[in-house]
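Single-structure report; data block below.
The values are calculated or read from the model by the stated rules, or taken from the named source; none is laboratory data. Predicted model, so just to flag it, every value in this text is computed and none were measured. Glycine gets a Cβ as well: all are built from the backbone with ideal geometry, and neighbour counts include every protein chain shown. SASA here: full protein model, heavy atoms, side chains in, ligands and nucleic acids out. Shrake-Rupley method; radii C 1.70, N 1.55, O 1.52, S 1.80 Å.
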Amino acid sequence: MLGEFEYLILSAAMRLGKDAYGAAIRQEIEDATGDRCSIGALYTTLDRLEAKGFVKTRMGDPTPQRGGRAKRMVRLTANGVMAASDFYSAVMRVSRGVSWEAHRDALR
């Protein structure tokens, strides 16, 4: 089973497609959650996802916009797609019938 942060990374990378690299994935996660995303945690988790066979990474070409530094490009593997899909399905199943808004409103 994936962890929440692993799922966020896989989802962001999938959404970005061929443009998925560390900083772009970080921005996607921050935009979606409204929380800061540590670049160190992101790369540590990317390493773990790669070790699990859920993503493949490669160094892209250096770009002038990045001061000549290369981007670490990310793409999901078939196993990564399956793991993210299974995680999403499990969250949807366990959430059936739950109304978080009603509970949050009751706490106010």
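Side notes on the structure shown:
- Amide H contacts under 5 Å for Arg72, placed H, 5+ residues apart: Gly22, Gly60
- For the chain, pairs of C-alpha atoms spaced more than 22 angstrom apart make up 39 percent of the total.
- Carbon-plus-sulfur accessible fraction, the chain (probe radius 1.4 Å, protein heavy atoms only): 55%.
- On Cα atoms only, tilt of 78-95 relative to the major axis of the chain in degrees: 20
- Evaluated with a Cβ-only charge set (Lys, Arg +1; Asp, Glu -1), the range 34-96 carries a dipole of roughly 80 debye about its Cα centre, given to the nearest 20.
- Highest mean packing comes first when the peptides 15-23, 93-101 are listed by Cβ atoms within 10 Å, giving 15-23, 93-101.
- Relative contact order of the chain, taken over Cα pairs closer than 8 Å and 6 or more residues apart, is 28 percent.
- CD proxy at 222 nm, helix term only [per DSSP H run n ≥ 4: -39500 (n - 2.57); per residue of the chain; nearest 500]: -18500 deg cm²/dmol
- Acute angle (nearest 10 degrees) that the helix 39-51 long axis makes with the longest principal axis of the chain, alpha-carbon atoms: 90
- Between helix 4-16 and the chain there is an angle of about 60 degrees, using the helix long axis and the longest principal axis of the Cα atoms.
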